[in-house]
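The block underneath contains the structure these notes are about, expressed in structure tokens.
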Amino acid sequence: MILAERIAQNLTALGFVALGAATAWEWYRYRGKAQGRLALSLVFLAIVAALARVQDLLGLSGVAGTLVGLVTILAFEASGYFVLMFRDAFLPLSPRARRAANALLVVTCVIGLADITLLSNAGRDVATVAAFELIFAWVVFTGEPIVRFWLASRNLPNVQKARMRALSFGFAGLIAILVFDVFGGSAVQSPTAIIATQLIALAMVPVIYASFAPPSFLRGLWRMGEAAELRAAIQDLLIFSATRQDLAEKATGWARRLLGAQGAFIVDSEGAIVASSGIEDAEVAETMAARAAAPEVGIAAPRPGRGAAIVALLHLTEGIGFLGVTAGPFTPIFGSDEASQLQGYASSVTAGLERVRVTERLAAIEENKTQFLNLASHELRGPLTVVRGYVSMLEGGLLGDLNDRGRRAVPVISAKVLEMNALIEQMIEAARLEEGALMLRPEPADLRSVVSAAVDAARPLVEDKHQIQFKCPERPVQVRVDGERIKTIVSNLVGNAVKYSPAGGPVEIELASRGGIARVSVRDHGLGIAKEDMPILFTRFGRVATPETDHLPGTGLGLYLGRQLARLHGGEITVESDPGRGSIFTLHLPVSEPSRAASRQEPSSIQVS
Ligand code: ADP
């Protein structure tokens with residue numbers, strides 16, 4: 001039994017020495033004021049445990065024994081006192097309470113000193129009273145913070161809550177052992193009781209350790225309840241925040257909740273505060289000034305009387321920004337757990353900020369396109385009208401006779417002016433669409449004649465190498481559309497079919513109506529479109545850049561306008577393509593009621609140009 005007792009005592013002492021060393025290391029890494037005090041408390045506790053073993057093993061007596069006894073008592077009281085000071089680091093004591101605590105410490109140390117030296121032969125009663133006072137002081141020093149920690153833990157996020165409770169529980173366990181040792185009477189002396197109390201004390205080591213450096217599996221376990229909330233927060237940040245400001249504000253709010261921090265802030269690469277929550281600008285400045293420059297995540301104690309702070313870096317395109325959180329009354333312990341959590345969160349915030357930056361930049365580009373459309377189209381229209389007037393006067397001979405070369409040039413100028421006019425009209429139409437000023441003039445029409453007119457309008461573009469084929473049903477296809485706009489859509493599709501099949505070949509236009517939907521498909525046997533290029537086809541100014549298409553003229557507005565106009569009609573434009581073999585663009589439009597009855601109509605006539 002004696003051996004078992006010895007083993008239990010040695011193990012416990014070893015456990016407390018390891019605990020002291022671990023807290024000291026944790027403090028060395030992060031240097032927080034609160035950590036420092038907790039580390040001191042546990043280092044003193046380790047000294048007490050180690051000296052008890054030294055005394056036991058060496059059986060010191062005389063001056064050496066007195067000295068070891070004295071140091072043990074002082075270290076013991078200091079371990080309790082620093083628990084109270086740890087509490088003071090984030091829940092400051094009133095000056096009176098602090099004075100009282102200091103007085104109690106001094107009195108207790110004096111009593112301890114007297115107990116060991118002067119009173120060592122003074123009889124049992126005096127020794128008991130002295131021992132009682134020493135333990136009383138330790139219980140006061142640690143008992144008050146234990147209750148405080150427990151109360152403070154109630155409103156904290158899970159991990160911090162569990163850590164605070166572990167701390168409370170660990171010290172409460174030690175108090176319970178002490179009280180049992182003092183008041184347990186003879187039962188305490190039995191080997192079983194000694195082994196049991198030693199093992200319980202040993203069990204408190206991992207509990208206290210978990211309070212300042214919880215292993216990741218424990219953190220994961222504690223945080224499990226919050227995982228869904230965290231995911232939602234990050235999704236919210238990454239996807240839904242529209243502006244940088246909005247995102248930064250949300251991010252600071254979430255950082256506080258996530259870490260249970262008092263305040264959180266984001267500072268940009270220029271040092272300007274982008275957003276802050278629960279913290280004054282002046283304190284942000286202090287925290288940034290105290291931030292250690294080198295580490296990825298640094299803990300800084302901004303100034304005496306203020307809690308710890310963690311600052312993580314945001315690697316933004318424009319430079320390094322910072323995300324910081326500061327401790328407050330109820331968030332005392334910032335350690336490696338919070339630091340790594342903040343760092344992970346900072347990466348998400350960086351991604352979110354970058355996304356918003358790109359989105360804002362894209363929005364600015366889109367805005368520029370709109371401005372360009374507006375400006376160019378309206379500014380070009382006036383001069384072009386004048387040029388057109390003069391060209392038609394030239395054509396009509398109103399400006400006098402031209403020589404042969406002049407006469408040959410006029411039709412070319414006229415055709416080019418018409419081309420330019422069509423381009424400008426396209427730009428004006430796109431600008432109208434952007435401004436929401438595009439008004440349709442829908443009228444009942446037979447889609448066959450609209451499409452036929454569009455095909456005819458496109459015919460002048462066609463050279464010999466292309467053959468235009470147009471199939472349409474015998475019966476009317478009744479629609480309610482803005483005829484001019486539909487004509488524009490179809491002639492643009494036909495124009496594209498010709499333009500993007502430079503080697504020539506048939507261009508087949510087919511009108512069919514089925515199931516209440518009329519479809520105008522335009523098929524060519526030209527270049528085709530690669531799958532990865534599809535997404536840009538219908539965007540403003542979207543053109544596919546390949547060696548085969550680079551030299552072909554165009555604005556990239558036709559399909560964009562076509563699709564928007566089709567949608568305004570309740571329809572759509574779709575595309576299928578086989579790269580190198582050709583494409584089919586199809587305009588879908590709802591048919592109006594009368595022709596729905598004759599819903600199945602197959603094309604019957606074919607015109608070949
Ligand atoms: P534009 O022809 O003026 O460039 P569009 O908006 O009409 O503009 O067309 C956008 C892009 O889609 C074109 O630049 C071209 O790359 C591609 N495209 C359109 N029609 C075809 C087609 N029939 N075959 C191959 N590519 C096409």
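The values are calculated or read from the model by the stated rules, or taken from the named source; none is laboratory data. Note that the structure is predicted; figures quoted are calculated from it, not measured. All Cβ positions, glycine included, derive from the backbone under ideal geometry; neighbour counts span all protein chains shown.
A few points about this structure:
- Test result for Ser276, at pLDDT below 80, of a type in the set (S, T, N, Q) and either surrounded by 19 or more Cβ atoms within 10 Å (Cβ to Cβ) or in contact with an Asp or Glu (Cβ under 7 Å, 6 or more places away or on another chain) (or both): no
- Residue, farthest from the chain's Cα centre (by Cα), within the range 528-539, restricted to residues that are in contact (Cβ under 8 Å) with a residue 24 or more places away in the chain and within 9 Å of the ligand (Cβ to nearest atom): Gly528
- Total residues in the range 540-549, condition more than 6 Å from the ligand (Cβ to nearest atom) and among the charged types (D, E, K, R): 2
- Positions within the range 262-293 being under 28 Å from Ala152 (Cβ atoms), small (Gly, Ala, Ser) and in contact (Cβ under 8 Å) with a residue 12 or more places away in the chain, in sequence order: Gly263, Ala264, Ala275, Ser276, Ser277, Gly278, Ala290
- Qualifying residue in the range 430-445 (condition: closer than 26 Å to Ser577 by Cβ and assigned to a helix (DSSP H, G or I)): yes
- For Ser604: the one exception among (1) outside any strand (DSSP E or B); (2) at pLDDT below 95: (1)
- So Ala248, is it under 17 Å from Leu316 (Cα atoms), of a type in the set (Gly, Ala, Ser), at pLDDT 80 or above and surrounded by 15 or more Cβ atoms within 10 Å (Cβ to Cβ): yes
- The one condition in (1) crowded, with 18+ Cβ neighbours inside 10 Å; (2) assigned to a loop (DSSP other than H, G, I, E, B); (3) under 18 Å from the mean Cα position of the chain (by Cα) that Leu258 fails to fulfil: (2)
- When Glu144, Glu77 are checked against the criterion of being among the acidic types (Asp, Glu) and surrounded by 20 or more Cβ atoms within 10 Å (Cβ to Cβ), a single residue qualifies: Glu77.
- Options Val507, Val494, Val520: the member that is buried (at least 23 other Cβ atoms within 10 Å of the Cβ), closer than 13 Å to His588 by Cβ and either away from the ligand (no atom under 13 Å from the Cβ) or not hydroxyl-bearing (Ser, Thr, Tyr) (or both): Val520
- Any hit, the range 550-566, residues being farther than 21 Å from Val450 by Cβ and more than 9 Å from the ligand (Cβ to nearest atom): yes
- All conditions in (1) over 46 Å from the mean Cα position of the chain (by Cα); (2) within 29 Å of Val106 (Cα to Cα); (3) of a type in the set (Val, Ile, Thr) hold for Ile195, with the sole exception of (2).
- For the residues Val544, Val507, Val490, Val520, the requirement of being over 48 Å from the mean Cα position of the chain (by Cα) and of a type in the set (A, V, I, L, M, F, W, C) singles out Val507.
- Counting the residues of the range 484-537 that are part of a helix (DSSP H, G or I) and more than 17 Å from Leu561 (Cα to Cα) gives 5.
- None of Val129, Val107, Val159 is crowded, with 21+ Cβ neighbours inside 10 Å and either within 25 Å of Ala46 (Cα to Cα) or not charged (D, E, K, R) (or both) except Val159.
- Of the residues Ala18, Ala4, Ala24, Ala39, the single one that is free of Cβ contacts under 8 Å to residues at least 60 places away in the same chain and either out of contact with any Ser or Thr (no Cβ under 7 Å at 6 or more places or on another chain) or not in a helix (DSSP H, G or I) (or both) is Ala24.
- Only one of the listed residues (Val68, Val63) is farther than 16 Å from Phe149 by Cβ, β-branched (Val, Ile, Thr) and without any contact (Cβ under 8 Å) to a residue 12 or more places away in the chain. That residue is Val63.
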